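The values are calculated or read from the model by the stated rules, or taken from the named source; none is laboratory data. Being a predicted model, the structure only gives us computed values, none of them experimental. Cβ placement follows ideal geometry from the backbone for every residue including glycine, while neighbour counts extend to all protein chains displayed. For the accessible areas, the whole protein counts, side chains as well, though only heavy atoms, and no ligand, DNA or RNA atoms are used. Shrake-Rupley method; radii C 1.70, N 1.55, O 1.52, S 1.80 Å.
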Amino acid sequence: MNFEGQTAVVTGGTRGIGRAITEALLARGATVVATYRSNDAAAEAFRAELGEAGSRVQLASFDVADEPAVKAFWEGLDEAGTEVQILVNNSGIRRDHVLAMMPSADWHAVLETNLTGTFLMSKYGVLSMLRRRYGRIVQITSPAGDHGFEGQANYSASKAGQVALTRSLSKEVAKRGITVNCVSPGFVATELIADLDPDAVKAHKKSVPMKRFGEPSEVAWAVLSLAAKEAAYITGATLEVTGGL
């Protein structure tokens, strides 16, 4: 998979799975615009750690659920003459509670970041890609959208919504050379699940046929496979990276 001459936008692209995707794209020649919501120091430290490859990373700080900010981001890329071939919607948060005790604010926060953020970035990304009649959009979803997990009604709903959005959008842009797919990671060793207690970690690993959590690099490989030019006839699909869950 060669991405030389291509530019990718990776939301949440400075840590966790997003960081692994950014690193994998850079290793194969791409230029990456890595977005993040806050913590400028951590983002700059990440770029510095990349060494020479850091010269091909542009950092952008904004909230993917903020439409004026998202619109300004894409307009800025267009004004700078930056043609984006790849969009990876990776930004996501968890606010776990059983539904009966879930604060409304936590419901809205998760839906806004995970689903509305995907909608807004896809909306303005597609408008940019349509003019060039080429694009690859990959959403990072979750098996929670299919199975539902206790205490994650908000997260599960947002992830199911991403899959439905992907299926609809893929049909709308198929004739324009744009593919839209999902990668669905299971349990992956990142900050997103770092708050699980040891007993929960043990139980989750036991539920995975491979008896281990995935690595961010393994998810990144799946993303790159769908973002490649050669994946031209794959659209509206969900690729699971779950260890057989």
Tally of residues being in a loop (DSSP other than H, G, I, E, B), modelled with pLDDT of 95 or more and open to solvent by 30 Å² or more (accessible area, probe 1.4 Å) across the stretch 217-245: 7
Residue tally, condition in a loop (DSSP other than H, G, I, E, B) and surrounded by 18 or more Cβ atoms within 10 Å (Cβ to Cβ), over the stretch 174-202: 3
Within the stretch 96-131, considering residues that are among the β-branched types (Val, Ile, Thr) and more than 19 Å from Ala227 (Cα to Cα), the one farthest from the chain's Cα centre (by Cα): Val98
Candidates Glu79, Glu150, Glu75, Glu83 - the one that is open to solvent by 20 Å² or more (accessible area, probe 1.4 Å) and more than 29 Å from Glu4 (Cβ to Cβ): Glu150
Selected residue [out of contact with any strand residue (DSSP E or B) (no Cβ under 6 Å at 6 or more places or on another chain), within 22 Å of Val183 (Cα to Cα) and β-branched (Val, Ile, Thr)] from Thr113, Thr141: Thr113
Residue tally, condition under 18 Å from the mean Cα position of the chain (by Cα) and closer than 18 Å to Thr235 by Cα, over the stretch 132-161: 11
Residue check for Lys171: in contact with a Lys or Arg (Cβ under 9 Å, 6 or more places away or on another chain), part of a helix (DSSP H, G or I) and open to solvent by 50 Å² or more (accessible area, probe 1.4 Å): no
Residue list for the stretch 131-148, filter: in contact with a helix residue (DSSP H, G or I) (Cβ under 7 Å, 6 or more places away or on another chain), in contact (Cβ under 8 Å) with a residue 60 or more places away in the chain and part of a loop (DSSP other than H, G, I, E, B): Thr141
Number of the condition not met by Pro103 [criteria: (1) without any contact (Cβ under 8 Å) to a residue 40 or more places away in the chain; (2) buried (at least 21 other Cβ atoms within 10 Å of the Cβ)]: (2)
Which numbered condition Lys205 fails, given (1) open to solvent by less than 50 Å² (accessible area, probe 1.4 Å); (2) part of a helix (DSSP H, G or I); (3) more than 25 Å from Asp106 (Cα to Cα): (1)
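Here is a yes/no grid of residues against (1) modelled with pLDDT under 95; (2) more than 26 Å from Asp96 (Cβ to Cβ):
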position	(1), (2)
Leu120	no, no
Arg132	yes, yes
Glu150	yes, no
Gln162	no, no
Arg167	no, yes
Arg176	no, yes
Thr179	no, yes
His204	yes, no
